[in-house]
2 protein chains.
Amino acid sequence: MNPELKQWQQRAAAQTEILLERALPQPTQSPETLHEAMRYVTLGGGKRLRPLLVFAAAELGNSVQAACEAAAVAVECIHVYSLVHDDMPAMDNDSLRRGKPTCHIQYDEPTALLVGDALQTLAFDVLSVPTDLAAARQMRMLNVLARASGSVGMAGGQAIDLANVGADLSQAELENMHSLKTGALIRAAVALGGLSCPDLNDEQLARLDVYASKLGLAFQVIDDVLDCEADTATLGKTAGKDSEANKPTYVKLMGLAAARKYAEDLVAQAVDALAPFGERAARLRELAEFVVVRQN
Amino acid sequence: MNPELKQWQQRAAAQTEILLERALPQPTQSPETLHEAMRYVTLGGGKRLRPLLVFAAAELGNSVQAACEAAAVAVECIHVYSLVHDDMPAMDNDSLRRGKPTCHIQYDEPTALLVGDALQTLAFDVLSVPTDLAAARQMRMLNVLARASGSVGMAGGQAIDLANVGADLSQAELENMHSLKTGALIRAAVALGGLSCPDLNDEQLARLDVYASKLGLAFQVIDDVLDCEADTATLGKTAGKDSEANKPTYVKLMGLAAARKYAEDLVAQAVDALAPFGERAARLRELAEFVVVRQN
């Protein structure tokens, strides 16, 4: 990996941590336990892929910094809320996440439920604070985030996933599920970074969305590969769980080597879509390539 | 009750039903079960108090209809999401709501979790669709709704409530809990109706908020009274459950008659705050009085 981009990535992840820390209510503020638990699940971990995508997409134009930062916080809050609810006993019943006990283990189930609920709200709270971006464009960001998160986006993908445990899905069905469950929020992250630039037009945003769609799919394919290959320590979450839970995966569908090759092809297509942006798309290219080389 | 206002109330509730029906995805749209369950919990029931407050507050000025209607849908989606999650086994473990089996009974726990999650998202989705209202003002509506719903609003009140089961709260502590758990969203409903009128200024909105704060508190006091007095059939949810769960209530704190009197005083104060609005506040006055005479 290009050392300059590697450094950028570390800086952006560190900046995300600072922004999240500021956006989350203090643990000394009532209700203390809820706020402490919100910080527990959000701070100090995670790949921060979605915020990195926001920042990288924002480099394509003259981004309004406050809107871009709010978007980075908002997508990560939505992502973390979904992990907290996903891990609950009623869903995946998982006890390990980002190398730490999951929220309902560390606290309890009611707290985990409320932590997820309140993190979702916080996403829309943070993104609806006025910035120098035109309000109409910022409201469009809010709508993009909402559409991507709800029943025709991430939550809907989750529902399809749950309904298909033990089922034999075709590749088209599997891709539909993942395009909602993981892809929708990845697309939203990229779109929000783009929308934070007043100078990017709809044609450019559409091109950016091609990149994001391919990348989101590649990300999920690699997730399946890692779930199959990696051990729990490297992954920071319980390895092999999707396979054990009899969930459909790309590895089951096409085999390990073909799944990895498929992810690489998708990343190449994602990068192709960025060609007209030239050098300004360097970060987005690098992030796409990072997705296929990552170990967790 | 004034027959004309009674008729208005029925019309507004019917209009809310139509708006919710339109805002909710069709049950034929994938994921079908999730969408069917979202409709199951949202349609065909409820007092629709929060949408009625939006509509009533919108009569104080020259409301932008689409913004007002979106707000009515949004507050009800937030309210219903909170009920669905509240009723889950990890929380109140209730099996009856609005006279029907609760979501996790009718469907299952994962569905109830996702229904609540997706209804919260839908609220912000609906309210972030552009209308004729200035985008900056509509974004302010989004922020008001988010602040009222999250960890320093409704979800926070829920956390405080859970933490205090079996505890002896003072009246100040009880009021703080309810001002978040129930009051915050009632205040938001009134504020959103007001904000949908471009001609209402901040001084008028502040006055409106005094009304809403008093009303929200009165609503909760009466809820405790009804929980103690009413039978399950009239209430449409399990009666006496707060008392049985050893939760702090106004009835326990001050006795039944004093609690009822307190609610009546609060309603009188709420109505007083509306004096400068004259006849345009007729609906808001009527709704405040409805709160203390209601049987469920």
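The values are calculated or read from the model by the stated rules, or taken from the named source; none is laboratory data. Since we're looking at a predicted model, the values are computed, not measured. Here the Cβ positions follow ideal geometry from the backbone for every residue, glycine too, while neighbour counts run over all protein chains shown. Note: areas computed on protein heavy atoms with side chains; ligands, DNA, RNA excluded. Shrake-Rupley method; radii C 1.70, N 1.55, O 1.52, S 1.80 Å.
Number of residues in segment A:29-38 that are free of Cβ contacts under 8 Å to residues at least 60 places away in the same chain and touching a helix residue (DSSP H, G or I) at 6+ places or on another chain (Cβ under 8 Å): the value is 3. Under the condition of being open to solvent by 10 Å² or more (accessible area, probe 1.4 Å) and either among the small types (G, A, S) or within 13 Å of B:S213 (Cα to Cα) (or both), the residues counted in segment B:274-296 number 3.
Taking residues in segment B:257-282 that are within 20 Å of B:E229 (Cα to Cα), and partners anywhere that are hydroxyl-bearing (S, T, Y) and not in a helix (DSSP H, G or I), the pairs with Cβ atoms closer than 9 Å and at least 6 places apart or on different chains are B:A259/B:T249. Here the condition is being under 20 Å from the mean Cα position of the chain (by Cα), facing chain A (nearest Cβ under 7 Å) and among the hydroxyl-bearing types (S, T, Y); of B:T121, B:T102, it holds for B:T121 alone.
Yes or no, residue by residue, for (1) within 27 Å of A:N164 (Cβ to Cβ); (2) open to solvent by 10 Å² or more (accessible area, probe 1.4 Å); (3) in a helix (DSSP H, G or I):
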residue: B:L5; (1), (2), (3): no, yes, yes
residue: B:A13; (1), (2), (3): no, yes, yes
residue: B:S30; (1), (2), (3): yes, yes, no
residue: B:M38; (1), (2), (3): yes, no, yes
residue: B:A57; (1), (2), (3): no, no, yes
residue: B:A72; (1), (2), (3): no, no, yes
residue: B:N93; (1), (2), (3): no, yes, no
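Entry remark, segment B:146-156: residues being surrounded by fewer than 24 Cβ atoms within 10 Å (Cβ to Cβ) and either within 20 Å of B:D224 (Cβ to Cβ) or more than 7 Å from chain A (Cβ to nearest Cβ) (or both) number 0 in total.
Close Cβ contacts (under 7 Å, 6 or more residues apart or on different chains) running from residues in segment B:5-28 that are within 14 Å of chain A (Cβ to nearest Cβ) to residues that are open to solvent by 20 Å² or more (accessible area, probe 1.4 Å) and in a helix (DSSP H, G or I) comprise B:A23/B:V126; B:L24/B:R39; B:P27/B:E36; B:P27/B:R39. The set of residues from segment B:157-183 being in a helix (DSSP H, G or I) and within 11 Å of chain A (Cβ to nearest Cβ) comprises B:G157, B:Q158, B:A159, B:I160, B:D161, B:L162, B:A163, B:E173, B:N176, B:M177, B:L180, B:K181.
Filter segment A:124-145 for residues that are of a type outside the set (V, I, T) and either more than 7 Å from every other protein chain (Cβ to nearest Cβ) or over 15 Å from A:V75 (Cβ atoms) (or both) and give the result. Of everything in segment A:124-145, those that are of a type outside the set (V, I, T) and either more than 7 Å from every other protein chain (Cβ to nearest Cβ) or over 15 Å from A:V75 (Cβ atoms) (or both) turn out to be A:L127, A:P130, A:D132, A:L133, A:A134, A:A135, A:A136, A:R137, A:M139, A:R140, A:M141, A:L145.
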